[in-house]
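A quick write-up on the structure given underneath.
A short reminder: the numbers here are calculations on the coordinates, not readings from a lab. From a predicted model like this one, the values you see are computed outputs, not experimental measurements. Please note: Cβ atoms are built from the backbone with ideal geometry, for glycine as well, and neighbour counts cover all protein chains shown.
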Amino acid sequence: MGDQCTAGINFDPCRPRADIYKDYLQVVENIYTPEAYFARVLDVGRRLDSSKRLFRPGLRQWWKELKGFSRMARKLGFRRATARHFWGTLTKALFSNPKSVRYVGSLMALYLHFGPFAGYVAGKIREAIAFEERNPSKIAPPPPRPRCGSPSRFRSPALSPAAARIPDFTPSSPLWNSKAAAAPRAGQTRSDGTRPPAPESPTAIRDSQPHPRPSRFVPGIAEDEP
């Protein structure tokens, strides 16, 4: 969908917009039901590892959180739609992972916003569906689908004119240097019966070079006496 939850779609659809809005409505109505939301909160609370958390709230922080919990409990714990899921999630989190119950409470408090907002978004989507059913928008034609098993899918693409003008440097081409091609490699016999010397290895070249004297500024290495 668009940048906002009710701004519509930001692409050209290949199927009716009303069908896309109906799918979106189904997602919003399913993931923000109390059963689904509090089940996800409980799953997160069980998975959290709070054994190494260093935060230790003081008395003032505890009092502040207690007041916030009481307000949340009045709004979620005594409503018919959320009471059973609220207290059930809180009780299971206390017994399964008591060190993470603070974070479970924070996630449950977010439903005070997500619950009403999901209902608002669902209402706007229903309005968009009704408008599209009265005034259907144009849809883009679907892209052509290649036939399954068609030989054209496995055929090599033709070379472009620019690629066809690339010079040929194969031995059969006149651009090939005949002298370089005819030059014998190391270990091969020349026309006069001799062989070219094999190239020296990097180790032999390194060992044949003189080693520099150590600098007087290198610690731990004494310079030779004159």
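The lysines whose alpha-carbon is closer than 25 Å to the alpha-carbon of Lys92, local same-chain residues fewer than 8 away aside, are Lys52, Lys64, Lys67, Lys75. Placing +1 on the Cβ of every Lys and Arg and -1 on the Cβ of every Asp and Glu, with no other charges, gives the stretch 10-92 a dipole of roughly 720 debye about its Cα centre. The listed peptides 61-69, 111-119, 31-39, ordered by packing as a protection proxy, come out as 31-39, 111-119, 61-69 (highest mean of other Cβ atoms within 10 Å first). Modelled this way, with points 7 Å down the Cα-to-C-beta line, the labels at Arg56 and Arg71 are 2.9 nm from one another. For the peptides 19-25, 99-105, residues were scored by their other Cβ atoms within 10 Å and the scores averaged per peptide; the highest-first order is 99-105, 19-25.
Which of the three applies to the stretch 26-88, rounded, prolate or oblate, going by the alpha-carbon gyration tensor with a ≥ b ≥ c and a/c under 1.5 meaning rounded? Oblate is the answer for the stretch 26-88, as a/c is 1.5 or above yet b/c matches or exceeds a/b.
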